[in-house]
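Peer 1: First the structure, which I've put down as structure tokens, then a few questions once you've had a look.
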């Protein structure tokens, strides 16, 4: 576990929500479908999860980026109201495929990672059924906490040779100016879409 992770925040995201695909050379083949337990807690497998973001560039294209370091957990219950999600992102792990741009993003014009090293999400309400969920929660970014809502799709859940696993993908949008990040609003716009694909492994696996 990375130093910035806390037990409370063992994204989705978090972006959702970012998106997006993920693979690994040791990925298990198709698992054996199994009915969900009454409530199962999962830790995020970062090696099989992705958290991305995009914003417009000069009004003509989308600039994509991702976060390379994050952690989290989620509880999956038969009653969606008993489910919950917690995520923490290392803001300094931003990666937009340009060192100069990433250094700028880490600075005071954007993420200001020295003062605000973490981006966090904690769910407050989960609703839905049949693998489709709506999650409301508090997103804390750049020292500001605001409620966001994301639509999340359950991709699958199974017992595999790598333990019991469950995966989700989703997205949500924020107005970055409401979090105090206003630099280049004319050329980059204000809306940022977060897209995520998260795979979790049951903590008792």
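The values are calculated or read from the model by the stated rules, or taken from the named source; none is laboratory data. This is a predicted model, so every value here is computed, not measured. Because the Cβ atoms are built from the backbone with ideal geometry, glycine has one as well, and the counts that use them run over all protein chains shown.
Peer 1: Output yes when any residue across region 7-16 is modelled with pLDDT of 90 or more and crowded, with 19+ Cβ neighbours inside 10 Å, and no when none is.
Peer 2: No - not one qualifying residue is present in region 7-16.
Peer 1: Output the residues belonging to region 112-134 that are in a loop (DSSP other than H, G, I, E, B) and surrounded by fewer than 19 Cβ atoms within 10 Å (Cβ to Cβ).
Peer 2: Passing the criteria: 112, 114, 115, 116, 117, 130, 131.
Peer 1: Also: Which of the residues that make up region 115-142 are at pLDDT below 95 and closer than 20 Å to residue 70 by Cβ?
Peer 2: Residues satisfying the conditions do not exist here.
Peer 1: Also, I was wondering about something else. I need a count of the residues in region 45-64 that are buried (at least 16 other Cβ atoms within 10 Å of the Cβ) and closer than 13 Å to residue 167 by Cα.
Peer 2: 5
Peer 1: When the residues of region 65-111 are filtered to those that are in contact with a helix residue (DSSP H, G or I) (Cβ under 8 Å, 6 or more places away or on another chain) and part of a helix (DSSP H, G or I), which remaining residue is surrounded by the most Cβ atoms within 10 Å (Cβ to Cβ)?
Peer 2: 91
Peer 1: Another question, if that's okay. Of everything in region 182-203 that's touching a strand residue (DSSP E or B) at 6+ places or on another chain (Cβ under 8 Å) and assigned to a loop (DSSP other than H, G, I, E, B), which residue is surrounded by the fewest Cβ atoms within 10 Å (Cβ to Cβ)?
Peer 2: 203
Peer 1: Something else now. Might you let me know whether region 171-179 holds any residue that is crowded, with 18+ Cβ neighbours inside 10 Å, assigned to a helix (DSSP H, G or I) and touching a strand residue (DSSP E or B) at 6+ places or on another chain (Cβ under 8 Å)?
Peer 2: yes
Peer 1: Looking at 163, 137, 167, which one is surrounded by 15 or more Cβ atoms within 10 Å (Cβ to Cβ) and farther than 17 Å from residue 87 by Cβ?
Peer 2: The match here is 163.
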